[in-house]
Ligand code: GLA
């Protein structure tokens, strides 16, 4: 009789099993406990601050499906994708009406959201969308009140990867309508509304980055991570002017301890390349967002981006500070007149040092003396100037001149 190889093996296995079964009890090999089979850890969503682009700061109410496609194309063509920009986020004004079953439809500017998501995904990018907990968004389009689960499922069915959820009309619809003159109850209702959408996203079956936009009300950094928030706005809306950038930087001082992998303070989207910000201001804005471990969501007109703006947005050394895997947000070490000195601890013991001239031209002509002692350093500290790409050595009390609104950003690999 011919026995096939597998059958023969099976017979052998059976024979050895029987042999073990018949052996005296004392000779039984002690069964080894199975090595614990670990389920593969779920990757952390937004393990580093999300990077991408958002339509609001430039296109505002006018954004269309075509603008989103063009922007996705440009993210690839300009090297932004290679530099780490992934999310292409549609902000307000895509929403249409709900039908009789409560399903929200897009308006005529966005004829087919699923097709748009497929297009963006085909470029190796991800698509973000926008809504809010009230009846209406800030631009008075339909929002998600009482449709949270339905909307989260709709987003998942389209292939959405990111949701910005903006408080807006929830303030009037629920907070002041239901709890007039009771701020504590209003805030509780707000947190519950964000929790509701957080749960809806988590049960949607798709990993969707959850971005809270409620302007820093009621210290979201204290409760947003627990309800699944990956980032939360810390302030009101950014504007493309220096005063707004500086005000936001100041409002984020003190929040470092709340940021970390999967949960970030959001000082709002980038205005780099917008408005009247000059080159120094654009550099400083971008560098400070990197120090703040902020989401880097460009907000400019990508098809018409000037080369010097592209160079800022794709500076890999500065981006590496923002995306440092330790996820430790930088802090303001000290202020001396119009100069602010910030540091950020990086992986492998490196340190980023930012010296920002928030004020006038005085320090352009009369040097400021950098105190390394105030940074806990002795010097000399060998590093790299991340804007010029040149090596620099920082020494205690060294003279530094800086044009108004400009920044010196240095990475010191091995601080002493
Ligand atoms: C609010 C937000 C902005 C933007 C607009 C859209 O003002 O803070 O970032 O999303 O709404 O209407």
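The values are calculated or read from the model by the stated rules, or taken from the named source; none is laboratory data. All figures in this text were calculated on a predicted structure; none of them were measured in a lab. Neighbour counts run over all protein chains shown; Cβ positions are idealised from the backbone, glycine included.
Just one of (1) part of a loop (DSSP other than H, G, I, E, B); (2) away from the ligand (no atom under 16 Å from the Cβ); (3) in contact with a helix residue (DSSP H, G or I) (Cβ under 8 Å, 6 or more places away or on another chain); (4) more than 20 Å from residue 50 (Cα to Cα) fails for residue 100. It is (3). Could you check the stretch 265-276 and list, in sequence order, the residues that are surrounded by 24 or more Cβ atoms within 10 Å (Cβ to Cβ) and either away from the ligand (no atom under 16 Å from the Cβ) or modelled with pLDDT under 95 (or both)? Within the stretch 265-276, just 273 meets the criteria. The set of residues in the stretch 289-343 being without any contact (Cβ under 8 Å) to a residue 60 or more places away in the chain, within 16 Å of the chain's Cα centre (by Cα), in a loop (DSSP other than H, G, I, E, B) and within 16 Å of residue 272 (Cα to Cα) consists of 292 alone.
Can you spot a residue in the stretch 233-243 that is in a strand (DSSP E or B), within 16 Å of the ligand (Cβ to nearest atom), surrounded by 20 or more Cβ atoms within 10 Å (Cβ to Cβ) and in contact (Cβ under 8 Å) with a residue 12 or more places away in the chain?
Taking the stretch 233-243 and keeping what is in a strand (DSSP E or B), we get 233.
Cutting the leftovers down to within 16 Å of the ligand (Cβ to nearest atom) gives us 233.
Cutting the leftovers down to surrounded by 20 or more Cβ atoms within 10 Å (Cβ to Cβ) gives us 233.
When the remaining residues are screened for being in contact (Cβ under 8 Å) with a residue 12 or more places away in the chain, the result is 233.
Looking for residues that are in a strand (DSSP E or B), within 16 Å of the ligand (Cβ to nearest atom), surrounded by 20 or more Cβ atoms within 10 Å (Cβ to Cβ) and in contact (Cβ under 8 Å) with a residue 12 or more places away in the chain, one finds at least one in the stretch 233-243, hence yes.
In a residue-by-residue description of the stretch 149-160, the property of being over 23 Å from the mean Cα position of the chain (by Cα), under 22 Å from residue 232 (Cα atoms) and not in a strand (DSSP E or B) applies to at least one position.
Residue count for the stretch 359-398 under the criterion of being outside any loop (DSSP other than H, G, I, E, B), touching a strand residue (DSSP E or B) at 6+ places or on another chain (Cβ under 7 Å) and surrounded by 11 or more Cβ atoms within 10 Å (Cβ to Cβ): the result is 15. Inspect the stretch 68-78 for any residue being within 16 Å of the ligand (Cβ to nearest atom), at pLDDT 95 or above and more than 22 Å from the chain's Cα centre (by Cα) and give the result as yes or no. No, there is no match, as no residue in the stretch 68-78 is within 16 Å of the ligand (Cβ to nearest atom), at pLDDT 95 or above and more than 22 Å from the chain's Cα centre (by Cα). Screening residue 370 against (1) closer than 18 Å to residue 339 by Cα; (2) in contact (Cβ under 8 Å) with a residue 60 or more places away in the chain leaves a single unmet condition, (2). Out of all the residues in the stretch 245-261, is one or more within 23 Å of residue 82 (Cα to Cα) and touching a strand residue (DSSP E or B) at 6+ places or on another chain (Cβ under 7 Å)? No, there is no match, as no residue in the stretch 245-261 is within 23 Å of residue 82 (Cα to Cα) and touching a strand residue (DSSP E or B) at 6+ places or on another chain (Cβ under 7 Å). For the stretch 199-212, the set of residues classified as surrounded by 22 or more Cβ atoms within 10 Å (Cβ to Cβ) and either within 16 Å of the ligand (Cβ to nearest atom) or in a helix (DSSP H, G or I) (or both) consists of 200, 201, 209, 210, 211, 212, listed by residue number.
Which residue out of 195, 182 is more than 16 Å from the ligand (Cβ to nearest atom), in contact with a helix residue (DSSP H, G or I) (Cβ under 6 Å, 6 or more places away or on another chain) and either modelled with pLDDT of 95 or more or closer than 16 Å to residue 146 by Cβ (or both)? Break it down stepwise before answering.
Working: 182 fails: in contact with a helix residue (DSSP H, G or I) (Cβ under 6 Å, 6 or more places away or on another chain).
Just a single option satisfies the conditions, and that option is 195.
For the stretch 109-136, filtered to residues that are touching a strand residue (DSSP E or B) at 6+ places or on another chain (Cβ under 6 Å) and in a loop (DSSP other than H, G, I, E, B), the residue that is farthest from the ligand (Cβ to nearest atom) is 125.
On the basis of being buried (at least 16 other Cβ atoms within 10 Å of the Cβ), within 16 Å of the ligand (Cβ to nearest atom), more than 18 Å from the chain's Cα centre (by Cα) and not in a loop (DSSP other than H, G, I, E, B), does residue 173 make the cut? Steps first, please.
Working: buried (at least 16 other Cβ atoms within 10 Å of the Cβ): yes; within 16 Å of the ligand (Cβ to nearest atom): yes; more than 18 Å from the chain's Cα centre (by Cα): yes; not in a loop (DSSP other than H, G, I, E, B): yes.
So residue 173 fits the description; yes.
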